[in-house]
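Student: Dropping a structure here in structure tokens format, bear with me for questions.
Derivation of every value follows stated rules applied to the coordinates shown; laboratory data play no part. No experiment lies behind these values; they were computed from the predicted model shown. So basically every Cβ, Gly included, is an ideal-geometry build from the backbone, and we count neighbours across all protein chains shown.
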Amino acid sequence: MEELFKEIASRIALGVEAVAALIIVYGAAEAVTGLLRPRLDDSRGRRKRVWHRFGLWLILGLEFMLAADIVRTAISPTWDQIGQLASIAVIRTFLNFFLERDVEKYDEPARVSNE
């Protein structure tokens, strides 16, 4: 029975990882098209908006990746797996924290100008 749960958890984790990859690929494609599309507005403001949107997609992708790692180790993990999960969680949390902080920092002027 435990092996069945491990197999199900593994398939769920794989599905969540696939969703994370799709999210990041979509965000990257949106960023590339946003940079290549000719616009009448200033290029600096456009680059900031593209970077901001891409950052949001990356944050979402990182959250899904962390969720997949948690699901993968949820069923009777070994100490080695727990250590790997802890390392991955710390790295992804730091990446997410600093990326989110940068996104919020660059989002503030856009909010002020919209008011």
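Student: Within region 65-80, which residues are farther than 28 Å from VAL25 by Cα and of a type outside the set (Asp, Glu)?
Tutor: ILE75, SER76, PRO77, THR78, TRP79
Student: Right, next: Name the one entry in ALA13, ALA31 that is surrounded by 16 or more Cβ atoms within 10 Å (Cβ to Cβ) and in contact with a Phe, Trp or Tyr (Cβ under 8 Å, 6 or more places away or on another chain).
Tutor: Working: ALA13 fails: in contact with a Phe, Trp or Tyr (Cβ under 8 Å, 6 or more places away or on another chain).
The conditions single out ALA31.
Student: Could I ask something else about it? So which residues in region 80-98 are over 11 Å from the mean Cα position of the chain (by Cα) and of a type in the set (Ser, Thr, Tyr)?
Tutor: Result: SER87, single match.
Student: Restricting to region 1-34, name every residue that is touching a helix residue (DSSP H, G or I) at 6+ places or on another chain (Cβ under 8 Å), more than 15 Å from LEU56 (Cα to Cα) and hydroxyl-bearing (Ser, Thr, Tyr).
Tutor: SER10 - this is the single residue of region 1-34 that is touching a helix residue (DSSP H, G or I) at 6+ places or on another chain (Cβ under 8 Å), more than 15 Å from LEU56 (Cα to Cα) and hydroxyl-bearing (Ser, Thr, Tyr).
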